[in-house]
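Values quoted throughout were computed directly from the atomic coordinates according to the rules given, and no laboratory measurement underlies them. This is a predicted model, so every value here is computed, not measured. Glycine also receives a Cβ, built like all others from the backbone with ideal geometry; neighbour counts cover every protein chain displayed.
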Amino acid sequence: MSRRSQREISVLVPPNLLQRTSGDPRRVGPYLVIGRLGSGGTGTAYAAVNPTTKGDPLVAVKVLNSPHLEDPDTRTVLHQRLAVLSNTDGRCYVPPIDFDTATTPPWLAMSYVSGVPLAQYARRHGAMGPGRLIALAAGLAEGISALHAMKVAHGDLKPSNILLSSTGPRILDCALPGDDEHLRRSAAGWLSPERHQGDAPSPAADIFAWGAILAFASTGRLPFGLGEPHVLAERVSTADPDLDGVPAELLPVVRRALAKDPDDRPSVREALGAAIAAWETISDGDTAAVQGTAVTRVLSREWQGIVEPDRLPRVIQLHDSPPRRAMRVPLIAGGAALAVALIGGGGWAALTALSGNGGSGADAEAPASSSPAAPKAAEKTAVVRFDPAEQENPVDGPWIYTRVEKGASAPPSEGTLSPQDWSARWKDADGGASEEAVITTDTEVFCAQFCVPGPGHIEDDRGTYEVTGQDFIDYLSWGQVVIAEVEFAEGGGNGEPREITRITELFPAPPD
C-alpha cells in the first residue's frame, strides 16, 4: 500500500472484487468497504481497507444474517467463540482479527489470504500426488490441533473451506452457533454420523471430516457420493466410504478417521503423527536437511506449484462520498480464487480498518447514482434460460443466459417431461439477446430437476431443494438446459455482468 494523499490510498485488491451496490454498507464497524465478494445463506462478504495500518491493509469482513443470531443467548455464544478463535495459532487456520456481536447485524473481520480452494483445485487437477497429499494431511491436522488446543471444534470442515496457498493449506470458516440444521443440509457428506444425529461439533467429528477431505483429495471423488442430504446421512452412518486410490501410507489412518464410532477414531495428534510417518516413508529418510518443525519440513519439500492469483492495484477514496465507479473483474467461481476465512461460510472478501471511525455496525449508504438505470439493470428478477452449450467459460464465467417467456401454447407431455421438452415450451424474450452474469459459490440455488429428480422438491413448478452456487456452476459445464428464475443483486448493469444472488429452477412436478 502507498499513501497518495490524505484522501486516497493505493491498495492491491483481489481480481474477483465486485463494486459495491447502492444497498451495501459504506462502513462495517471501523472498516471502509471497497467492494463486494459475494453473499450466502449466513451473510455477505465485503472487501475493505484501513489506511493507517502497517503492512498489508487488506482484510475480509462478513456481515452475518443468520436467523439464529436474533437470540441474545446465541449472540453470547458467538462472542465467546470468536474471542477464543481470535487467539488461535494462525499458521494453518485463519482466525478473526476483529468482530462485533453486539451490533445489528453482527460482523467479523479476518486477514486476507490468497490461494485456491481445495474444491476448485480438485475439479481442475483431479487427485493429488502422494507428496502433496501427505503435506495436506499434515497441514490440516496442525490447523485442527490449533483449534482443539483452544477447546474449540471447527464443525464445518469441507473442501470449500480449505484454501491452498503458496505456503500450505489454510483452514477457513467455522460453524455458526445454532446452524447445525443448515449444515446437515449443505454439508451432509462431510459431517460425522453423530453430527447427523444432532450432536454438537466435537474434535472427533473434525477428525471424521479430516478423513473425508483426504479421501476426496486422494481420489477426486466424494467419499460418500452424491445424493440428497438424508441419503448421504444414511450412507455416512452405515456405508463404507470410497477409499479406492488413497495411498497405502495414509490408508490406515484415513480409514480409522472415518470410523462410525467416534471412540474408534484417532486423536488429532495421532493423525498428525501418522501423516509425518507417511512422509518419512516416501522421502527415503532424507528429511534431516530440511529445518523447522515436522510440518514445516513436509510443506517445504512437498508443497510446490500452488500459484496464487495476482492482486490488482486500485486507488481507494477515503472520504464519505460515494466511491467512483471502477471496472471490476467477475467473481471467479471454479478456477483459481482469492479467499479469506469467513465464519459460517461461504463468502470470500478483503478489508481493513478506517481510522477515526469508532462506530460499529453496518451503515447502509444511499444510492450513489442520480441517473436512471437501464430497464434491465432495474429489474430484480427475470426468467432465463441457461444453456451449457453456450457457456464460453463454464469454469470461471461469466455465465451466459437468455431471458425467456412462456410460449403461446404448451404441447402436452406424455409420461415424464424431459428437460428438452420443457425448454421448448419457452421462447426468447427481449429479442433473444444473450447476457452475462456473475454466479458465485455462495449464490443460493433451488433445483427441481437438474439435481434431484422427483415431485418431492417441486412446489408450484419451482424447485425447493437447496444446493450451492458451485453445484450449479459444475452442472453448466456438462448438463442440459435449465429454465430458472434468477434474482439479481442491487446495482450493476450498464454493460457489465450483474451478480445473481438466487437461482430457482422452474420445472413442473410430475402428475400424481
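Give the long-range amide H neighbours of Tyr465: residues separated by 5 or more places, or on another chain, with amide H under 5 Å away, using H modelled in the peptide plane at 1.01 Å from N.
Amide H to amide H, under 5 Å and 5 or more residues apart or across chains, Tyr465 pairs with Cys447.
Kindly rank 19-28, 422-431, 161-170 from highest to lowest mean number of other beta carbons found within 10 Å of each residue. Working shown, then result.
Details: 19-28: 20.3, 422-431: 14.6, 161-170: 22.8.
Listed from highest to lowest mean packing, they are 161-170, 19-28, 422-431.
Label-point separation (nm) for Trp478 and Glu270, each offset 7 Å from Cα along Cα-to-Cβ?
The two pseudo-label positions are separated by 3.6 nm.
Set the bar at 28 Å for Cα to Cα. Now go through Lys380/Lys406; Lys62/Lys427; Lys62/Lys380; Lys158/Lys406; Lys54/Lys151 and name every pair that lies beyond it.
Beyond 28 Å between Cα atoms: Lys62/Lys427; Lys158/Lys406; Lys54/Lys151.
Find the Rg to Rh ratio for region 193-262, where Rh is the Kirkwood radius over alpha-carbon pairs and Rg uses the same atoms.
0.95
Using a Förster distance of 51 angstrom, determine the FRET efficiency expected from the C-beta separation of Glu392 and Asp263, and round it to 0.05.
0.45
Suppose the chain between Asp310 and Ala149 were pulled fully straight at 0.36 nm per residue; how much longer would it get relative to their current alpha carbon spacing?
Computed gain between Asp310 and Ala149 is 54.5 nm.
Regarding region 52-142, what is the average projected area of its C-alpha convex hull, in nm²?
Average of the hull's projected areas for region 52-142 equals 8.3 nm².
Would you mind calculating the relative contact order of region 49-160 from Cα pairs under 8 angstrom and at least 6 residues apart, reporting the percent as a whole number? Working shown, then result.
Working: 107 pairs, mean separation 31.2, N = 112.
Value for region 49-160: 28 percent.
Between Ser10 and Ser434, take the C-beta separation as r, use R0 = 35 Å, and let me know the FRET efficiency to the nearest 0.05.
The computed FRET efficiency comes out at 0.45.
For Ser22 paired with Gln80, estimate the spin-label separation in nm (one decimal), with each label point 7 Å from Cα along the Cα-to-Cβ line.
4.4 nm
State the Kirkwood hydrodynamic radius of region 107-249 in Å, one decimal place, computed from all pairs of distinct Cα atoms. The partial results should precede the final answer.
On the way: mean 1/r = 0.0646 Å⁻¹.
Hydrodynamic radius (Kirkwood, Cα pairs) of region 107-249 is 15.5 Å.
Label points 7 Å out from Cα along the Cβ direction at Thr52 and Thr103: separation in nm?
Label-label distance for Thr52 and Thr103, simple model: 1.6 nm.
Excluding Glu466 itself, calculate the net charge of residues whose Cβ lies under 9 Å from the Cβ of Glu466, where each Lys or Arg counts +1 and each Asp or Glu counts -1. List each step's numbers first, then the result.
On the way: positive: Arg185; negative: Glu444.
Overall, the nearby charge balance is 0.
What FRET efficiency, computed as 1/(1 + (r/R0)^6) with R0 = 51 Å and r the Cβ-Cβ distance, is obtained for Asp461 and Ala248, rounded to the nearest 0.05?
0.50
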